[in-house]
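Bear in mind these aren't lab numbers, they're just calculated from the coordinates by the rules spelled out. This structure is a prediction, so every number in the text was calculated from the model and none was measured. In this analysis, Cβ positions are derived from the backbone assuming ideal geometry, glycine residues included, and neighbour counts consider all displayed protein chains.
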């Protein structure tokens with residue numbers, strides 16, 4: 001999870017809410033997060049002169065960034081400590097040394113005052129250079145002490161202009177400190193050099209890179225990254241899927257990252273003990289230019305090759321990440337000591353590279369696996385895997401029925417009154 005069209009995101013959110021009702025009750029989630037150290041997120045925004053360009057849905061890149069920030073600030077979870085840093089916001093001149101020192105802490109890391117943060121962002125105007133390396137160095141010092149999640153979200157429209165300080169080397173140095181700091185990068189309509197640089201920064205710290213061409217995509221993606229910082233499991237584990245189920249790596253519950261070549265299937269194995277079920281979700285990101293029209297498919301298959309359930313989703317050129325998921329009901333067995341059933345998960349995508357675009361490395365894959373206790377009573381599982389979400393569907397049906405009856409009575413009463421008058 002992951003940018004996409006808002007309608008698709010809403011449908012997936014509803015499906016997730018219905019299917020996951022038995023596994024992630026709200027009270028349990030609150031108990032899990034109450035004692036965790038506060039997560040910290042630093043938003044680093046490029047305010048260089050090129051942000052004046054008007055190529056994001058007809059508006060300037062700066063206007064798109066400000067709108068995204070306002071939406072993200074409104075939706076930031078209360079437990080997240082948030083800071084904002086700028087690069088290239090103050091010095092408009094030609095002195096390279098001064099331009100490469102132009103990075104400022106706009107909003108200090110701490111509990112979020114939404115009005116104050118929005119007011120600070122509203123004052124920004126595209127100005128100077130693009131000192132990405134110095135900004136990342138300074139941002140790494142902005143975090144408070146503690147063991148909570150640390151995440152930098154870098155938003156820029158161009159590559160660093162302060163060589164020889166290489167921002168990719170800066171990211172590697174940050175990763176080498178072992179402080180658990182992840183850097184996610186977002187490129188606003190980037191060229192190939194910018195894309196390669198931002199991808200290198202993200203990969204150095206286990207982060208993600210996303211190319212953004214539309215305002216709603218920018219807000220959605222930044223919001224997802226901020227929310228991820230508040231999740232109990234935020235650091236994905238690198239794994240290498242196989243070409244067949246037989247040689248696939250065995251996965252437990254967790255978050256995993258991989259790379260999938262164009263036209264390549266990636267296989268993973270999950271051991272499913274009796275009485276438990278598998279819930280899995282996958283996202284495939286286009287970190288380079290691709291042709292319009294693509295999709296992603298996630299299948300659960302037995303070791304004998306029989307498909308048991310699948311999830312699939314499609315995109316049409318306006319999204320950079322396509323996500324889908326599936327739920328495989330609990331494994332049944334009459335024997336208490338029965339061996340675990342092997343479930344094979346296959347991930348395929350139909351992205352095609354645009355002309356002249358490199359095909360290696362493969363596209364980023366993010367896979368979430370949950371092996372959980374299945375419902376104890378068959379009545380807890382409704383048709384199509386809705387789980388306890390059936391009550392919501394039933395409530396909607398009953399509400400619609402009662403509303404129809406009430407409207408009918410009101411209509412008849414109005415007609416009777418008119419005839420009487």
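Going by average Cβ density within 10 Å per residue, which order do the peptides 90-97, 40-47 take, highest to lowest?
Details: 90-97: 11.9, 40-47: 25.8.
Highest-to-lowest ranking by the protection proxy: 40-47, 90-97.
Ranked from highest to lowest mean number of other Cβ atoms within 10 Å per residue, what is the order of the peptides 123-132, 237-246, 180-189? Please list the in-between numbers first.
Working: 123-132: 21.2, 237-246: 14.2, 180-189: 23.9.
Per-residue Cβ counts within 10 Å, averaged per peptide and sorted highest first, yield 180-189, 123-132, 237-246.
Over region 237-374, what is the mean sequence separation of C-alpha contacts under 8 Å (at least six apart), divided by residue count, expressed as relative contact order in percent?
Rounded, it is 39 percent for region 237-374.
I need to check one value: relative contact order of region 37-229, counting alpha carbon pairs closer than 8 Å and at least 6 residues apart, in percent.
Numbers: 433 pairs, mean separation 51.2, N = 193.
Here the relative contact order equals 27 percent.
Could you put 69, 143, 262 in order, starting from the residue whose Cβ has the fewest other Cβ atoms within 10 Å?
The order, fewest Cβ neighbours first, is 262, 143, 69.
What ranking, highest mean first, results for peptides 81-88, 161-168, 172-179 when packing means the other Cβ atoms within 10 Å averaged over each residue? Please report the intermediate quantities before stating the final value.
Details: 81-88: 25.0, 161-168: 16.8, 172-179: 13.0.
By packing density, highest mean first, the sequence is 81-88, 161-168, 172-179.
Could you tell me the ratio Rg/Rh of region 86-211? Both radii from Cα atoms, Rh via Kirkwood.
Taking Rg over the Kirkwood Rh, I get 0.95.
Have a look at region 237-374 and give its Rg and Dmax from the Cα atoms, expressed in angstrom.
Calculated on Cα positions, Rg and Dmax stand at 15.7, 57 Å.
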